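> Take this structure first; my questions come after.
The values are calculated or read from the model by the stated rules, or taken from the named source; none is laboratory data. Every value quoted in this text rests on a predicted model; they were computed, and no experiment measured them. Please note: Cβ atoms are built from the backbone with ideal geometry, for glycine as well, and neighbour counts cover all protein chains shown.
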Ligand code: GLN
């Protein structure tokens, strides 16, 4: 597989397979990352949706939290969706007691920001750098409360709520593009991996 970017999907909980499928469809060699040795084999990492409190606890239990933090700090490209965005955010609001994030992305996210009435919904969104809108699926999604100076909003809801951000090689979305077969965020992530 010469020339295939080697990327990982953090595979502790959540919609791991959906991300692996999209990445493989784009020609990447995918490792499901559960141990530090597997993280060491990859040049980029996807943090899937799921339950951020569970993923974060398991990451600590598996000895992965510190290695992931270090990899991000050393410039590894990462794409976080939904719970993965929460894990990538520097600051988490409405987290569980003692909830930690890996951090790296200069944003404040609020968990479960859409309330009970709108636990899940789909909408079409314009994203900076894409020439056609994205079908975005939100499932108990977080909202990006504020974007710090190092990050940049690349997608917002009609009311102005930020739901997609980029900061160098870090990419985060509140929604799940992979459930609708949308692959442009994964392409953008793989472009960061290839460029490194
Ligand atoms: N509400 C979840 C959390 O706080 C995220 C939901 C998702 O990833 N679809 O982790």
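> Give the range 26-63 a look and list any residue that's under 16 Å from residue 99 (Cβ atoms) and either away from the ligand (no atom under 16 Å from the Cβ) or at pLDDT below 95 (or both), or say none.
Result: 61, single match.
> Please specify each residue of the range 64-91 satisfying the condition of being surrounded by fewer than 16 Cβ atoms within 10 Å (Cβ to Cβ) and either touching a residue at least 24 places away in the same chain (Cβ under 8 Å) or within 16 Å of the ligand (Cβ to nearest atom) (or both).
Within the range 64-91, 73, 75 meet the criteria.
> How many of the residues in the range 165-190 are assigned to a loop (DSSP other than H, G, I, E, B) and surrounded by 24 or more Cβ atoms within 10 Å (Cβ to Cβ)?
Qualifying residue count for the region: 3.
> How about the range 1-20: which of its residues are closer than 18 Å to residue 173 by Cβ and in contact (Cβ under 8 Å) with a residue 60 or more places away in the chain?
Once the filter is applied, which keeps residues that are closer than 18 Å to residue 173 by Cβ and in contact (Cβ under 8 Å) with a residue 60 or more places away in the chain, the range 1-20 yields 7, 10, 14, 15, 18, 19.
> Go through the range 1-19 and count every residue that is away from the ligand (no atom under 16 Å from the Cβ) and under 16 Å from the mean Cα position of the chain (by Cα). Before the answer, list the steps.
We begin by selecting, within the range 1-19, every residue away from the ligand (no atom under 16 Å from the Cβ); these are 1-8.
After this cut, where a residue has to be under 16 Å from the mean Cα position of the chain (by Cα) as well, the list is 7-8.
Total satisfying the criteria: 2.
> Turning to a different aspect of this structure: Quick check on my filter: what residues within the range 122-164 are within 15 Å of the chain's Cα centre (by Cα), assigned to a strand (DSSP E or B) and either free of Cβ contacts under 8 Å to residues at least 12 places away in the same chain or within 16 Å of the ligand (Cβ to nearest atom) (or both)?
136, 137, 138, 139, 143, 144, 163, 164, listed by residue number.
> Just a yes or no: is a residue in the range 101-109 within 13 Å of the ligand (Cβ to nearest atom), within 17 Å of the chain's Cα centre (by Cα), more than 21 Å from residue 16 (Cα to Cα) and buried (at least 20 other Cβ atoms within 10 Å of the Cβ)?
Yes, there is a match, as at least one residue in the range 101-109 is within 13 Å of the ligand (Cβ to nearest atom), within 17 Å of the chain's Cα centre (by Cα), more than 21 Å from residue 16 (Cα to Cα) and buried (at least 20 other Cβ atoms within 10 Å of the Cβ).
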